[in-house]
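The values are calculated or read from the model by the stated rules, or taken from the named source; none is laboratory data. Only a predicted model underlies this, so the values are computations on that prediction, with no experimental measurement involved. Glycine gets a Cβ as well: all are built from the backbone with ideal geometry, and neighbour counts include every protein chain shown. Each accessible area value is taken on the protein alone, full model and side chains, heavy atoms only, with ligands, DNA and RNA left out. Shrake-Rupley method; radii C 1.70, N 1.55, O 1.52, S 1.80 Å.
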Amino acid sequence: MKDTYLKLVIRFGTCLFIFLLGLGFFACEKIETIDLLMEEQSTDTSRAINDILFVDDSTGYAVGGAVWEQGIWLLTQNGGASWQLFEEGDKMLMAIDQDEQGNIYTTGFSGQLLKLDQEDRSWKELFQVYKLFNAVDFWDEDTGVLLGGAAFQIGYLYHFNEREKTDTLI
């Protein structure tokens with residue numbers, strides 16, 4: 001009889017503890033909302049946009065395109081309120097970056113590394129290795145890395161040095 005009473009008290013205490021614990025979780029639930037002022041902008045293209053880079057509060061670049069059909073890049077000079085569309089080659093551009101001196105670089109599906117001539121808004125090819133690159137990072141005018149890969153099969157990292165005229169698969 002004493003064992004039965006003890007088991008009943010333990011079972012009741014356990015149920016009460018679980019009930020109070022659950023009540024505590026539900027009573028403490030707070031829902032916070034943050035109002036973001038976002039507005040969808042038109043880019044005058046139906047092509048994919050893969051990367052975006054703002055160099056200051058008004059000037060920005062975006063790159064994208066269609067894999068085997070067209071590379072595109074876009075320029076805004078008003079903080080993204082409107083965009084100018086430019087075509088660049090026949091392969092999708094995947095990534096864009098700026099070095100410390102303000103030079104702009106892009107790369108993409110064709111394996112090209114391109115540098116923007118900001119005066120005539122044209123791209124100068126620095127090299128091409130026919131691999132898919134989906135990231136680019138330059139820290140000065142001469143030195144940078146490109147990252148790429150093919151699905152889950154292979155990944156590669158290229159180190160580029162314009163001064164020494166080298167591009168090395170790492």
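Filter segment 99-127 down to residues that are polar (S, T, N, Q), assigned to a strand (DSSP E or B) and buried (at least 17 other Cβ atoms within 10 Å of the Cβ) and give me whichever is farthest from the chain's Cα centre (by Cα). So the residue we want is Gln112. Quick check, is Glu40 at pLDDT 70 or above, open to solvent by 70 Å² or more (accessible area, probe 1.4 Å), assigned to a loop (DSSP other than H, G, I, E, B) and not aromatic (Phe, Trp, Tyr)? Considered against the rule, which asks whether it is at pLDDT 70 or above, open to solvent by 70 Å² or more (accessible area, probe 1.4 Å), assigned to a loop (DSSP other than H, G, I, E, B) and not aromatic (Phe, Trp, Tyr), Glu40 comes out as yes.
Scanning segment 55-97 for residues that are modelled with pLDDT of 90 or more and of a type in the set (D, E, K, R) yields Asp56, Asp57, Asp97.
Based on what the data block shows, is Ile52 at pLDDT 90 or above and either in a strand (DSSP E or B) or touching a Gly at 6+ places or on another chain (Cβ under 6 Å) (or both)? Yes; evaluated as a whole, the condition is true for this residue.
Conditions (1) in contact (Cβ under 8 Å) with a residue 24 or more places away in the chain; (2) in contact with a helix residue (DSSP H, G or I) (Cβ under 9 Å, 6 or more places away or on another chain); (3) aromatic (Phe, Trp, Tyr), marked per residue:
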| residue | (1), (2), (3) |
| --- | --- |
| Gln98 | yes, no, no |
| Gln101 | yes, no, no |
| Ile104 | yes, no, no |
| Leu114 | yes, no, no |
| Glu119 | no, no, no |
| Leu126 | yes, no, no |
| Leu132 | yes, no, no |
| Trp139 | yes, no, yes |
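Just a yes or no: is a residue in segment 81-94 in contact with a strand residue (DSSP E or B) (Cβ under 8 Å, 6 or more places away or on another chain), surrounded by fewer than 21 Cβ atoms within 10 Å (Cβ to Cβ), among the hydroxyl-bearing types (Ser, Thr, Tyr) and in contact (Cβ under 8 Å) with a residue 40 or more places away in the chain? Within segment 81-94 (the criterion being in contact with a strand residue (DSSP E or B) (Cβ under 8 Å, 6 or more places away or on another chain), surrounded by fewer than 21 Cβ atoms within 10 Å (Cβ to Cβ), among the hydroxyl-bearing types (Ser, Thr, Tyr) and in contact (Cβ under 8 Å) with a residue 40 or more places away in the chain), the answer is yes, since at least one residue qualifies.
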